[in-house]
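Report on one structure; see the data block that follows.
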There are 2 protein chains.
Amino acid sequence: MADVQISAPPGVPQIVTTVEFDAPRYLVFRAFMEPDLLSQWLGPRRVTMTIEEYDPRDGGRYRYTHHDPDGNTYSFHGVFHGEPSLEGAVQTFEYEGAPGHVSMDTLTLEEQGGRTTVRTNSVFQAVEDRDAMVQAGMEKGVTEGMQRLEELLEKLKAKSEGGASRTT
Amino acid sequence: MADVQISAPPGVPQIVTTVEFDAPRYLVFRAFMEPDLLSQWLGPRRVTMTIEEYDPRDGGRYRYTHHDPDGNTYSFHGVFHGEPSLEGAVQTFEYEGAPGHVSMDTLTLEEQGGRTTVRTNSVFQAVEDRDAMVQAGMEKGVTEGMQRLEELLEKLKAKSEGGASRTT
C-alpha cells in the first residue's frame, strides 16, 4: 500500500503530502486532470463524488461535491492558476461550509524510473484555518484518497499494457 | 501620511499589511478594481504601470507590467478566486521573473465612520519564497504604493464631493 506522508508543522499555515506511485507520470497526471478519473479516487472511501465543473486551464474553475452515506453533502470550489502541465498544477480551494477561507494547493509530479512522486503543498490564510482542516479529519481523507488513487493507477496500467500488447 | 504596518513573522510563509485611509470603502474598492485607478498607485513611485489584462471576477485573469526609469520591466500575473465584493477579494500572484513561485493574496476592506481599513494577507508556498519577496524590496514598494493610494483617494474624494455639490 502507498506510504502517504503528511506534514503539518506547528505554527505554520501549511500541509505537505508526499507519496510515491509505481506508475508513469502521464497516468498520474490524467488521474488528476480528467473528471471521470478524479471522481474515482479523490476523498475518503465512504463518499461518492460528483463534479459540477472542472476546467483545468489558466483561470478555469472547478466545483465538486462529496456525498456521504448519511445524505450529507460537502461542496468545494476553486480556480486554476496557470496552465497545468505534466510537472504539476496550482489551484485555489475553498470548502463551501466555511466560505471566505481559501487555501492554495501546489501539485508537483516527478518521475524517475517509471515511478512518480506526488507532492501536494497547501498553504492557508492562517494557522487556525490549517488546524481546522486537520481537525476535520483531512489526514484520513487524504490517505484513503491516495490509496484509492493507487488502485486506480493499477487499473489504468493494466488497461494501458493490455492496449499496448494488442497493438504488437 | 498613512501609517503602513507590514508584518512578516520569522518562519511563517506570510506577509500581512494593514493601513487605514480617511475614505469610504467604495472608493478604496474602486481603486483596487478599476485598471485606470489601479495603475495610478500600485507599486513604488519610480515605476510606471501598464495593465495588459484585468478581469476582477471569479476565474478572471490579470497581468500587468512595471517599467522603471532604467528601462527594466517586471511583469506579474494571476487569477481571481471568487467574485470580488466590497468586503474584499482573493487572488493569486506570480512574478514572471521567478516562474512557478506563486502566492495567494487576500484583500479585506472594513469601513467604520467613513474610514476604511485595508488588510492584505499574502501566503507563499514556502518561507524561502516569502523571504525572497522581502529581500527584493517589497516593503518599500508596498509602503510607497499605499502612500500613492492615499493621494489618489484624496483626489477621488475631492472629485466626488465636487460632484455632490453640483447636484444640490
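In the range B:122-140, the residues whose accessible area drops by at least 30 square angstrom when the other protein chains are added to the isolated chain are B:123, B:125; the probe is 1.4 Å and only protein heavy atoms count. Per-residue accessible area (protein heavy atoms, 1.4 Å probe) orders A:74, A:54, B:26 as B:26, A:74, A:54, starting from the largest. Using the Cβ-Cβ distance between residue B:63 and residue B:36 with R0 set to 22 Å, the FRET efficiency works out to roughly 0.85. Accessible surface for the protein assembly as shown, divided over its residues, is 49 Å² per residue with a 1.4 Å probe.
In chain A, the portion of solvent-accessible area held by carbon and sulfur atoms comes to 50 percent [1.4 Å probe, whole percent, DNA, RNA and ligands not counted]. Note on residue B:159: no lysines have a C-alpha under 17 Å away, same-chain residues under 8 apart excluded.
Take residue B:108, push a point 7 Å out from Cα through the beta-carbon direction, and compare it with the same point in every other copy: 3.0 nm, smallest first. Remark on the range B:57-83: accessible area falls by at least 20 square angstrom from chain-alone to full-complex state for B:58, B:59, B:61, B:77, B:79, B:81, probe 1.4 angstrom. Work through the residues other than residue B:72 whose Cβ is under 14 Å from its Cβ and net out their charges, Lys, Arg +1 and Asp, Glu -1. It works out to a net charge of -2. The Cβ shell under 12 Å around residue B:10 holds other residues with a net charge of 0, Lys and Arg each +1, Asp and Glu each -1.
Buried surface for the A/B pair, taken as the accessible area of each chain alone minus that of the pair with a 1.4 Å probe, is close to 1800 Å² in total. Each other copy holds its own label point for residue B:85; taking that point as 7 Å from Cα along Cα to Cβ, the gaps run 3.7 nm, nearest first.
For chain A, the longest principal axis of the C-alpha atoms and the axis of helix A:138-167 are separated by about 20°. Think of the range B:53-168 as a dipole: +1 on every Lys or Arg Cβ, -1 on every Asp or Glu Cβ, centred on the Cα centre; then among B:91, B:160, B:79, B:160 lies furthest on the positive end. The heavy atoms of residue B:101 offer some 90 square angstrom of accessible surface to a 1.4 angstrom probe.
Among B:133, B:49, B:104, the largest mean-square fluctuation in a Gaussian network model of chain B, built with springs joining Cα atoms closer than 10 Å, belongs to B:133.
Show me the three semi-axes of the equivalent ellipsoid for the protein assembly as shown, from the C-alpha gyration tensor (sqrt of 5 times each eigenvalue), largest first, rounded to whole Å. Don't jump to the answer; show the numbers that get you there.
Working: eigenvalues 342, 90, 70 Å².
Taking √(5λ) for each eigenvalue gives 41, 21, 19 Å, largest first.
Each copy carries residue A:161; placing its label point 7 Å along the C-beta direction from Cα gives inter-copy distances of 7.8 nm, listed from smallest up. Can you give the translational diffusion coefficient of chain A in µm²/s, computed by Stokes-Einstein from the Kirkwood radius over Cα pairs at 10 °C and 1.306 mPa s? In µm²/s, the coefficient rounds to 95. In plain terms, the chain from residue B:134 to residue B:45 could stretch by 30.3 nm, reckoned as 0.36 nm per residue minus the Cα-Cα distance. For chain B, the 222 nm mean residue ellipticity estimated from helices alone, with every DSSP H stretch of n ≥ 4 adding -39500 (n - 2.57) and the total spread over all residues, rounds to -10000 deg cm²/dmol.
The values are calculated or read from the model by the stated rules, or taken from the named source; none is laboratory data. This one's a predicted model, so the numbers in the text were calculated from it and none came from an experiment. Cβ atoms come from the backbone with ideal geometry, glycine included; neighbour counts cover every protein chain shown. The area values use the complete protein model at the heavy-atom level, side chains included, leaving out ligands, DNA and RNA. Shrake-Rupley method; radii C 1.70, N 1.55, O 1.52, S 1.80 Å.
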